[in-house]
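Asker: Quick one: structure below, then a few questions.
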Amino acid sequence: MKNKILNRLKNMIFGSSALLICLSLFSFKSEHSIKKDTVVNSFKLRTIIIDPGHGIKPEGAPPGHYSRGASGSFSSERNVTLAIALKLQKALEKDVAGVKAVLTRTTDDDVSWERRAEIANQNKGNLFISIHCNSLSDRIVRERIGTRKRKPVYRTVRVPDRSGKGALMLIYGLHRSKEEENAIKNNQVEEDSDLNGDALDPNDPMVIILTNEYKRKFRKQSVNIANFINDEFVQTDGRRSEGLREQGIFVLCHSAMPSVLVETGYINNPDDEEYLNSENGQNEIVNSIVRAVSNYKNQLEQVATN
Ligand SMILES: [Zn+2]
């Protein structure tokens, strides 16, 4: 079993440097004598987990974290995220060859954060895309309401803040990475090692190296997919975006795969709310994510030829 892990690790870490050595050897030969060598990357992006944020906690729901999400003036985040996720599932399976899209929630009923991460890992997702809408909290302002004994009297009032506008990509923050390590250890590393349910020794140096290698790889890929989606929103759809931000988010840290949380727009901003609920807005968001996933897939599966 150890040998199997060791081989896997060697392939992962030394695979790319072997290609470089191979390239530099060929460069000594004349152009005409170069043997055509194709290095095919065996990774395939097969399963994408789409996670529509929030929902209504059903009666008798199992214990866990649930959250109803934000509201706008006429719509709710949970309805917008489900509508976008259902469209995205259909579009990904139609437009990206060989890809299956699995939803963590398909009805109004909320699914706990714990269960969402479990669905992602059980379905052996290669990529996790969580769909949300942003919202700004009310501002607390002090307002002068009069004078008493020649002194001004104030009261505090809550004022809705509708100034937030545009998209935002969240990737997991490093402070949650212990949980991510455990998820990787329990799902990815055990799977590779073919242990058939036997627990791995968490202190085994080989397990530690493998886990760290996955962590580094997943983080890089999370940044890549977030950038691809952000670029499509900004460059193709001409939308405003706050770019990428790191945050400790349960579902992202507990999913042993590259993951991004897409804040599709501010539901408490009148323009964004209109856009998020419109057929055109939802289609633009979906098409942008599909193009981003295609670019990401090509980048991961690209065939190197020399
Ligand atoms: Zn949300």
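Asker: Among the numbered criteria (1) within 14 Å of the ligand (Cβ to nearest atom); (2) closer than 23 Å to E284 by Cα, which single criterion is violated by R68?
Answerer: (2)
Asker: Please go through segment 275-294 and pick out each residue that is touching a Phe, Trp or Tyr at 6+ places or on another chain (Cβ under 9 Å) and either open to solvent by 40 Å² or more (accessible area, probe 1.4 Å) or part of a loop (DSSP other than H, G, I, E, B) (or both).
Answerer: Matches in segment 275-294: N277, E284, R291.
Asker: Continuing with the same structure: Output yes when any residue across segment 42-53 is under 26 Å from the mean Cα position of the chain (by Cα), under 28 Å from E274 (Cβ atoms), at pLDDT 95 or above and open to solvent by 30 Å² or more (accessible area, probe 1.4 Å), and no when none is.
Answerer: No, every residue in segment 42-53 fails to be under 26 Å from the mean Cα position of the chain (by Cα), under 28 Å from E274 (Cβ atoms), at pLDDT 95 or above and open to solvent by 30 Å² or more (accessible area, probe 1.4 Å).
Asker: Further question: So the check is Cβ under 7 Å with 6+ separation or different chains; which pairs have a first residue in segment 61-73 that's under 17 Å from E114 (Cβ atoms) and at pLDDT 90 or above and a second one that's of a type in the set (D, E) and within 16 Å of the ligand (Cβ to nearest atom)?
Answerer: Y66/D110
Asker: Here is a check on your reading of the model: is I225 of a type in the set (V, I, T) and either closer than 22 Å to H54 by Cβ or in contact with a helix residue (DSSP H, G or I) (Cβ under 8 Å, 6 or more places away or on another chain) (or both)?
Answerer: Numbers: of a type in the set (V, I, T): yes; either closer than 22 Å to H54 by Cβ or in contact with a helix residue (DSSP H, G or I) (Cβ under 8 Å, 6 or more places away or on another chain) (or both): yes.
Considered against the rule, which asks whether it is of a type in the set (V, I, T) and either closer than 22 Å to H54 by Cβ or in contact with a helix residue (DSSP H, G or I) (Cβ under 8 Å, 6 or more places away or on another chain) (or both), I225 comes out as yes.
Asker: Residues of segment 83-102 being open to solvent by 20 Å² or more (accessible area, probe 1.4 Å) and within 16 Å of the ligand (Cβ to nearest atom), which ones? Step through it out loud before you land on a result.
Answerer: Here is the first cut: in segment 83-102, the residues open to solvent by 20 Å² or more (accessible area, probe 1.4 Å) are 83, 86-87, 89-90, 93-95, 97-98, 100, 102.
Passing the criteria: only A83.
Asker: Continuing with the same structure: Where the second residue is within 16 Å of the ligand (Cβ to nearest atom) and of a type in the set (K, R) and the first is in contact (Cβ under 8 Å) with a residue 12 or more places away in the chain and within 16 Å of A292 (Cβ to Cβ) and lies in segment 77-102, which pairs have Cβ atoms under 9 Å and are six or more apart or on separate chains?
Answerer: A85/R105
Asker: Yes or no: R142 within 16 Å of the ligand (Cβ to nearest atom), of a type in the set (K, R) and in contact (Cβ under 8 Å) with a residue 12 or more places away in the chain?
Answerer: Numbers: within 16 Å of the ligand (Cβ to nearest atom): no; of a type in the set (K, R): yes; in contact (Cβ under 8 Å) with a residue 12 or more places away in the chain: yes.
Here the answer is no, as R142 does not meet what is asked.
Asker: Condition first: within 16 Å of the ligand (Cβ to nearest atom) and part of a strand (DSSP E or B). Now tell me which residues in segment 215-273 satisfy that.
Answerer: E242, R245, Q247, S259, V260, L261, V262, E263, T264, G265, Y266
Asker: Would you mind finding the one in G173, G125, G164 that is among the small types (G, A, S), within 15 Å of the ligand (Cβ to nearest atom) and under 30 Å from the mean Cα position of the chain (by Cα)?
Answerer: Details: G173 fails: within 15 Å of the ligand (Cβ to nearest atom); G125 fails: within 15 Å of the ligand (Cβ to nearest atom).
The conditions single out G164.
The values are calculated or read from the model by the stated rules, or taken from the named source; none is laboratory data. Just so it is clear, the model here is predicted, and its values are computed rather than measured. In this analysis, Cβ positions are derived from the backbone assuming ideal geometry, glycine residues included, and neighbour counts consider all displayed protein chains. These area figures cover heavy atoms from the full protein model, side chains too; ligands, DNA and RNA do not enter into them. Shrake-Rupley method; radii C 1.70, N 1.55, O 1.52, S 1.80 Å.
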